[in-house]
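Asker: Please read through the structure below; I'll follow up with questions.
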């Protein structure tokens, strides 16, 4: 590949243009400076000449001796810089003039730019006026003018000299600068281009650039390291695809080929990651082979490039889901496959509609597990046979307890979605207590769902499930809205009690989170500092910098911020250094640390020391025993929350117990 326009020529042209513009500006400034100096010199010379003849000329003018006056003026003809010497009366009447030779013309634009010609006027006084106390009155004025052509010659000479000198200097600097840039940038880039051009096509994805000497710590070194890192990722991806993707001629491998690919996946570069295989049996498959069979074509549409579908017999298929690590996701894919299998299929030959049924067995391979590909196939086939024996359209894992666990998980998912549709979520409120006085100083709103038996509760892994099925952002907005509704009701009754509401990591990363929060605060007219947002430190926040920036924006809209589960997440030194500059109002000691009190006090002491060093208030979560409360008070941690004081209560019960003195408005 040839270079049509060398970067050397481009950068040399750019440097030359910059040099020329700079030199032109510099020459213009310097030229005007030199001309001004020469103007001052000429003016001084004219003034000296005028002073030398002013006394005799004044005497002659006073005596009205025109012949003598003209003779004095004529003595100025040999002075080379003059082209005018006149005597002018106070009423601007010209009485005497010296006739000089006609001067050569000067361009008008030069006269305008440099204010030519140079002219001075010297007053002529009577010699007797020096003895009088009254201010002297001039008899006339001697007007003298320098020859503008002499100044024009100086300007041309100075400009020529500077142009020649500076253009030569610009040429030298351009060549020197271009040579330096060429050696520092162009030459290394040319070497990189040659190396890349010489890489064989088969080795492109695995190629690594050699770090150039003397460029290990500059931008070129960073470019090469970034390229090498990207190449490593591409090489890893290519190897993964090579290990998991079947070549086009073998669109549907047989069982022996499938086990070969399975062994490669188990012992290849991705051996440290879990995966699943599925054995799929289909009844009433219908006519056609490969992609021409509607059922098989429908199944193939669901599969990613990392998946491998093999045909073991007429109606039995094997699927290697290489990119699925979690059993729950494997069950979800299996359900989607079953939906495609059960779709009615028209059979034109028999003039009827087929209703295929299926059975799917799933086997999980855990990284590091000592099992062969053949044994994993045996496990999946055993699960498929068990599923077939249980009835139509069944899906089973080889591990029976795993099937029950996944079924329970799917039931929870359906219940959450059903609760979202029926609006079965509400907030329970738990007080935050000053453990010295027993006074309620705040409250935390906790989400609860109406269960099938009519009670309210929440699964331990509710947040994880809600995030995986994609309803966490919607649910988080609902929690914020309910919290603002409670605060607005309290404000109307004169209750000034801050209410804490939990945020999830998914909610924080939503781009529209802050506008929605501003809208809620404006709609419910929440006072500053009344709404407190608890951000869980263990939340799965992918962009920590953006999340930390969000904390500042929350403070700007009048919302207080609490950091929950402190010590369980990102609390390294770098994180603490950034936290030090953030507007965090409260740090909550995680209930796991409080539960260990008073036997194990190390973690609570560490968290308390950090909070005090940053001058941030502390609240202890999960206080359940008097011994824990007494230990916390002995360490001057006075704010607590937990079942020792009160469990989370419905709003009405909380208000009846703690806010009974505030009457509800009619």
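Asker: Identify, from the list 16, 58, the residue that is at pLDDT below 85, part of a helix (DSSP H, G or I), more than 30 Å from residue 199 (Cβ to Cβ) and in contact with a strand residue (DSSP E or B) (Cβ under 8 Å, 6 or more places away or on another chain).
Answerer: The match here is 58.
Asker: Can I ask one more? Suppose the filter is assigned to a strand (DSSP E or B) and modelled with pLDDT of 85 or more; does residue 363 pass it?
Answerer: Yes; evaluated as a whole, the condition is true for this residue.
Asker: Now for a separate question. Scan region 131-139 and tell me whether some residue there is over 30 Å from residue 37 (Cβ atoms), in a helix (DSSP H, G or I) and more than 40 Å from the chain's Cα centre (by Cα).
Answerer: Checking region 131-139: at least one residue is over 30 Å from residue 37 (Cβ atoms), in a helix (DSSP H, G or I) and more than 40 Å from the chain's Cα centre (by Cα).
Asker: Can you tell me which residues in region 453-506 are over 20 Å from residue 653 (Cα atoms), crowded, with 18+ Cβ neighbours inside 10 Å and either touching a strand residue (DSSP E or B) at 6+ places or on another chain (Cβ under 8 Å) or not assigned by TED's automatic domain parsing to the domain that holds residue 647 (or both)?
Answerer: Hits for region 453-506 are 475, 476, 480, 502, 503, 504, 505.
Asker: Checking the structure you have, find out if any residue of region 431-443 is over 30 Å from residue 316 (Cβ atoms), surrounded by fewer than 19 Cβ atoms within 10 Å (Cβ to Cβ) and touching a helix residue (DSSP H, G or I) at 6+ places or on another chain (Cβ under 8 Å).
Answerer: Checked against the condition, which is being over 30 Å from residue 316 (Cβ atoms), surrounded by fewer than 19 Cβ atoms within 10 Å (Cβ to Cβ) and touching a helix residue (DSSP H, G or I) at 6+ places or on another chain (Cβ under 8 Å), region 431-443 yields at least one hit.
Asker: Let me ask something else. With the checklist (1) part of a loop (DSSP other than H, G, I, E, B); (2) modelled with pLDDT under 80; (3) surrounded by 14 or more Cβ atoms within 10 Å (Cβ to Cβ) in hand, flag the one item residue 564 doesn't pass.
Answerer: Only one criterion is unmet by residue 564, namely (1).
Asker: Looking at region 404-520, what helices (runs of 4 or more DSSP H) fall wholly within it and have at least 2 residues that are at pLDDT 90 or above and within 36 Å of the chain's Cα centre (by Cα)?
Answerer: 472-492
Asker: Continuing with this model, one more query. Do we have any residue at all in region 637-646 that's assigned by TED's automatic domain parsing to the domain that holds residue 498, without any contact (Cβ under 8 Å) to a residue 24 or more places away in the chain and in contact with a helix residue (DSSP H, G or I) (Cβ under 7 Å, 6 or more places away or on another chain)?
Answerer: Yes.
Asker: Taking residue 88 as the residue in question, decide whether it is surrounded by 11 or more Cβ atoms within 10 Å (Cβ to Cβ), without any contact (Cβ under 8 Å) to a residue 60 or more places away in the chain and under 60 Å from the mean Cα position of the chain (by Cα).
Answerer: Spelling it out, it is not the case that residue 88 is surrounded by 11 or more Cβ atoms within 10 Å (Cβ to Cβ), without any contact (Cβ under 8 Å) to a residue 60 or more places away in the chain and under 60 Å from the mean Cα position of the chain (by Cα).
Asker: Report yes if residue 192 is modelled with pLDDT of 85 or more and surrounded by 14 or more Cβ atoms within 10 Å (Cβ to Cβ), otherwise no.
Answerer: Criteria not met by residue 192.
Asker: Something else about it: Of all residues being outside any helix (DSSP H, G or I) and within 41 Å of the chain's Cα centre (by Cα) in region 599-617, which is surrounded by the fewest Cβ atoms within 10 Å (Cβ to Cβ)? Just the residue, please.
Answerer: Looking at the filtered set, the residue picked out is 615.
Asker: Can you tell me which residue within region 529-556, out of those that are out of contact with any helix residue (DSSP H, G or I) (no Cβ under 9 Å at 6 or more places or on another chain), at pLDDT 75 or above and over 21 Å from residue 485 (Cβ atoms), is surrounded by the most Cβ atoms within 10 Å (Cβ to Cβ)?
Answerer: Ranking the candidates gives 555 first.
Asker: Does residue 300 fit the bill of being assigned to a helix (DSSP H, G or I) and modelled with pLDDT under 85?
Answerer: So residue 300 fits the description; yes.
Asker: So which residues in region 574-598 are at pLDDT below 75, touching a helix residue (DSSP H, G or I) at 6+ places or on another chain (Cβ under 8 Å) and assigned to a loop (DSSP other than H, G, I, E, B), if there are any at all?
Answerer: Those that are at pLDDT below 75, touching a helix residue (DSSP H, G or I) at 6+ places or on another chain (Cβ under 8 Å) and assigned to a loop (DSSP other than H, G, I, E, B): 582, 583.
So that you can scan it fast, the table gives a plain yes or no per residue for (1) in the same structural domain as residue 318 (by TED's automatic domain parsing); (2) touching a strand residue (DSSP E or B) at 6+ places or on another chain (Cβ under 8 Å); (3) closer than 23 Å to residue 375 by Cα; (4) modelled with pLDDT of 75 or more:
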residue	(1), (2), (3), (4)
208	no, no, no, yes
212	no, no, no, yes
230	no, no, no, yes
250	yes, no, no, no
255	yes, yes, yes, yes
262	yes, yes, yes, yes
271	yes, no, yes, yes
274	yes, yes, yes, yes
285	yes, no, no, no
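Asker: Would you say residue 421 is more than 18 Å from residue 361 (Cβ to Cβ) and surrounded by 15 or more Cβ atoms within 10 Å (Cβ to Cβ)?
Answerer: No: the conditions fail for residue 421.
Asker: Would a scan of region 92-101 turn up a residue that is in contact with a strand residue (DSSP E or B) (Cβ under 9 Å, 6 or more places away or on another chain), modelled with pLDDT of 80 or more and more than 18 Å from residue 68 (Cα to Cα)?
Answerer: no
Asker: Separate question: Output yes when any residue across region 618-625 is modelled with pLDDT of 90 or more and surrounded by fewer than 18 Cβ atoms within 10 Å (Cβ to Cβ), and no when none is.
Answerer: yes
Asker: Give the residues of region 316-330 that are in a helix (DSSP H, G or I) and buried (at least 23 other Cβ atoms within 10 Å of the Cβ), sorted by residue number.
Answerer: Listed by number, the list holds a single entry, 330.
The values are calculated or read from the model by the stated rules, or taken from the named source; none is laboratory data. Nothing here was measured: the structure is a model prediction, and the numbers come from that model. A quick note on method: Cβ atoms are made from the backbone with ideal geometry, for glycine too, and the neighbour counts reach across all protein chains shown.
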